[in-house]
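Worksheet: the structure to be examined is printed underneath.
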Amino acid sequence: MGRADERRARQRGGRRAAPKRRRSSGAAGAAGGAAGGKSRIRRLFTWKKILGTFFGLCLLGMGAFIVLYMVIDIPEGNPEADLQSNVYKYSDGSVMARTGDRNREIVDLAKIPKDVQRTFVAAENKTFYKDSGVDLKGTARGVLNTLSGKGAQGGSTITQQYVKNYYLTQEQTVTRKLKELVISLKLDQKKSKEYILAGYINTSYYGRGAYGIQAAAQAYYRVDAEDLTVEQGAYLAALLQAPNQYDWAIASETGKELVQRRWNYVLNNMVEQKWLDAGDRKDMTFPKPEEPKPAAGKEGQIGYLVDAADYALKKQLVAQGAAEDMEQAKALVDLGGYTVTLNIDKKKQAALEKAVKAKLTSRLDPDKREVDADVQAGAVSVDPKTGSVVAMYGGVNYLKHYTSNATRDDYQPASTFKPVILAAAVDHDAETQDGVPITANTRYDGDSKRPVVDDGKEVGFAPPNENDVDYGEIDVQEAMNQSVNSVFAQMGIDVGMTEVMKVAADLGMDTEGDDPVPAQTLGSMGASPMEMAGVYATLDNHGKKVTPAVVKSVEHKDRTIEMPDPIGERVISREAADTVTSVLTGVVDDGTARESVRNNPLRDGQQVAGKTGTSDNNKSAWFTGFTPELVTSVGLFGEDDKPPHAQVPMYKAAGVDYRVNGGGPPAEIWAAYTFGVMDEVTKFDLDTKQGAAVKPTKSATTSESPSQSPSQEETTEAPPTSDDPTTEAPPSKEPTTEEPPESPTQSPSNSASSGETPPDGGGSTESGDPEFPDGDLVP
């Protein structure tokens, strides 16, 4: 190798050039094409171009953000963040109450313990004191989820959440999220962290109608915000994630587990941030909140009325499609801005409250009789022509007894159900087992414990009458007057219990889940005064359905709410409704309610129909009565005044000799109220199968004993039921019976027949045990 060759070799790195190889023309062409394609792709997507495009987009985004930042300012506070109150009015337009967003009190952050403040930071945004007010990753994730339709996701800072609550709305849109980002950055620059934190915990919703930490502290722990402990603060901070789901009083088992898990998460974060000593944390136990307490301003009957109006409003919002369910409807109502006019008549409302006080609560003396502490009253008064609830009594005081006795349906209506059976019989042209049409004059075997038969076979039900009295052959009118259980048990089977329960539902009772069994003839299902007032109002309205309406009208600036018409279609024939009304006049004039109603000096000739009822073991007592112009149902309920508020008997309450009967305090309350608000004396316009109103009748047999107690009425303890309401579902789902107060001469007749009312036996047929004038068995 010459020097020139060596030099060239060194220049090539000591390597000789490889000998050239010849390729075929085809291979060379293919290789050249591939190489050319790759070369073009490389030239199109070079790293310089990719990086240039990326930085270009970044600059474009930054420019757009700068424009947004310059354009968007911190707005005025959103009016929806300052929730409006709801206004409730009487039917005459006068204001009854204002409720809603007023359950909020802004407190200075300095009044809230520092450790409690930090529970909210630990729960929602551990970097709150250091960040710039935004979480770019969380916001980007939220934007992407919104664009992809995945919905809302967490990740917002406390500043962003405050901006959303106070300055913006809860809608999930890209525009709103970008505004939230910009406003949060500006707010963080212009305001202190203390200002933002105070705004956040004072505007957030904690459940139980509580807005802000002060209202929440009172709602859950009955303390002011300044007196909250770290444990309590951690619970309130945990609530913000899901206020209703995490409310201990209404949470499911899953909800309780989740809120405890989040409570632990909050405290553990505080330890991590060095805000809480690990030893102190270890000793902390979960602080179970207090039971819900009614908001102030709803004292007396106002709270019951407002709650009933709210329920009707929420139900209608769902019906109109403005809300998907009652929970969402509640949220809409809580936002406020509604003016709700109720059908409540101020004069009648005051009169009903006065009547309850005069005839019941003034006579209750728990210091003298322990049972008096267990007596609750409920009443609903309805105009049968319009369906308006003109007066309602929910309990002694909304702030003392939260459950409304006017709308609760966990007590038995007892013998106030018997008119429903007769209505079904007449409406369906039912016949007795012997093929005799059932009317007021149809005669039945009224013997106590007479086995009920269906197509000649016993059905395994034989209810006793009061004092085990045998009435023998008795007509339906007298059986209703004296509330003879054996007659109506057989009549229910004659009609068919399926048909009876259907008519009950048509008339307005909630019969869902109630089996059509013979025991239902004794009113063993649950019912409320509101329901029973609706049933009797439908009878009073000649068979056209009346659904009691608390709300007259609703106004709102953003939506129209049309309340449903309380008067519906005909559900039973006029003849059936009027026949029952006619028969029920006998209960007042010659039956179990005569002493309290018939002889009342305020009656002044007013025609009245009604029915008493007293449930098994004297846990409830009723009188539901009506005139052509007004229907009122009054119920007394035995409820233990100590948790868990079990159903209990009312024997000897209010100073009665033994049993609290429907013909006693309930009928007395009804008479004092109804006769006190009458504008004029009216008569029923009836079209019955008898051709005219059934005249009051006397029993075919008489007793030597004179009339006894004015509260004398029907009731029996059969079949026996458990005294433990926790075993009842509802507690009143067992046979309830009523019996007449008298002990007539027994009759040997055992078959139902049709015939005229027997001649008057000459005087009162009532009698009872001399030791217990109401005719009950000696306990």
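Provide a single number: the residues in segment 440-480 that are surrounded by fewer than 19 Cβ atoms within 10 Å (Cβ to Cβ), of a type in the set (A, V, I, L, M, F, W, C) and in a strand (DSSP E or B).
Count: 1.
Assuming Gly513 fulfils every condition listed in (1) within 23 Å of Leu539 (Cβ to Cβ); (2) under 29 Å from the mean Cα position of the chain (by Cα) apart from one, which condition is it?
Unmet for Gly513, out of (1) within 23 Å of Leu539 (Cβ to Cβ); (2) under 29 Å from the mean Cα position of the chain (by Cα): (1).
Only residues that are under 42 Å from the mean Cα position of the chain (by Cα) and free of Cβ contacts under 8 Å to residues at least 60 places away in the same chain: list them for segment 449-464, please.
Lys449, Pro451, Val453, Asp454, Glu458, Val459, Gly460, Phe461, Ala462
Do we find a residue being among the acidic types (Asp, Glu) and surrounded by fewer than 15 Cβ atoms within 10 Å (Cβ to Cβ) anywhere in segment 326-346?
Checked against the condition, which is being among the acidic types (Asp, Glu) and surrounded by fewer than 15 Cβ atoms within 10 Å (Cβ to Cβ), segment 326-346 yields at least one hit.
When only residues in segment 247-280 that are closer than 12 Å to Asp115 by Cα and in a helix (DSSP H, G or I) count, which is nearest to the chain's Cα centre (by Cα)?
Going through the qualifying residues, I end up with Val266.
For segment 586-603, which positions are in contact (Cβ under 8 Å) with a residue 40 or more places away in the chain, over 14 Å from Ser483 (Cβ atoms) and surrounded by fewer than 24 Cβ atoms within 10 Å (Cβ to Cβ)?
Selection gives Asp589, Glu595, Asn600, Leu602, Arg603.
Give the residues of segment 202-236 that are closer than 15 Å to Phe286 by Cα, in a helix (DSSP H, G or I) and over 29 Å from the mean Cα position of the chain (by Cα), sorted by residue number.
Hits for segment 202-236 are Val230, Glu231, Gly233, Ala234.
Among the candidates Ala391, Ala355, which residue alone is buried (at least 24 other Cβ atoms within 10 Å of the Cβ) and touching a Lys or Arg at 6+ places or on another chain (Cβ under 9 Å)?
Values: Ala355 fails: touching a Lys or Arg at 6+ places or on another chain (Cβ under 9 Å).
Going through Ala391, Ala355 in turn, the sole match is Ala391.
Restricting attention to segment 556-599, and to residues there that are touching a strand residue (DSSP E or B) at 6+ places or on another chain (Cβ under 7 Å) and part of a loop (DSSP other than H, G, I, E, B), which single residue is farthest from Leu342 (Cα to Cα)?
It comes out as Thr592.
Test of understanding: among Lys315, Lys298, which residue is under 29 Å from Gly395 (Cβ atoms) and not in a helix (DSSP H, G or I)?
Numbers: Lys315 fails: not in a helix (DSSP H, G or I).
Just one listed residue meets the conditions, Lys298.
So Lys256 clears everything in (1) more than 30 Å from Lys400 (Cα to Cα); (2) surrounded by 15 or more Cβ atoms within 10 Å (Cβ to Cβ) except one condition, right? Which one?
(1)
Of the residues that make up segment 412-419, is at least one among the small types (Gly, Ala, Ser), in contact (Cβ under 8 Å) with a residue 60 or more places away in the chain and either closer than 26 Å to Ala533 by Cβ or surrounded by fewer than 21 Cβ atoms within 10 Å (Cβ to Cβ) (or both)? Don't jump to the end; show me each part of the working.
First, pick out the residues of segment 412-419 that are among the small types (Gly, Ala, Ser): 414-415.
Narrowing further to those that are in contact (Cβ under 8 Å) with a residue 60 or more places away in the chain: 414-415.
In the following step, the residues that additionally are either closer than 26 Å to Ala533 by Cβ or surrounded by fewer than 21 Cβ atoms within 10 Å (Cβ to Cβ) (or both) were identified as 414-415.
Within segment 412-419, one or more residues are among the small types (Gly, Ala, Ser), in contact (Cβ under 8 Å) with a residue 60 or more places away in the chain and either closer than 26 Å to Ala533 by Cβ or surrounded by fewer than 21 Cβ atoms within 10 Å (Cβ to Cβ) (or both).
If we scan segment 460-474, do we find a residue that is modelled with pLDDT of 95 or more and among the aromatic types (Phe, Trp, Tyr)?
No, the conditions are met nowhere in segment 460-474.
Being at pLDDT 95 or above, more than 21 Å from Glu299 (Cα to Cα) and assigned to a loop (DSSP other than H, G, I, E, B): is that true of Lys418 here?
On the way: at pLDDT 95 or above: yes; more than 21 Å from Glu299 (Cα to Cα): yes; assigned to a loop (DSSP other than H, G, I, E, B): no.
For Lys418, the condition - at pLDDT 95 or above, more than 21 Å from Glu299 (Cα to Cα) and assigned to a loop (DSSP other than H, G, I, E, B) - is not met.
The values are calculated or read from the model by the stated rules, or taken from the named source; none is laboratory data. Here the structure is a predicted model, which is why all the values come from computation and not from measurement. We place every Cβ from the backbone using ideal geometry, glycine too, and count neighbours over all the protein chains shown.
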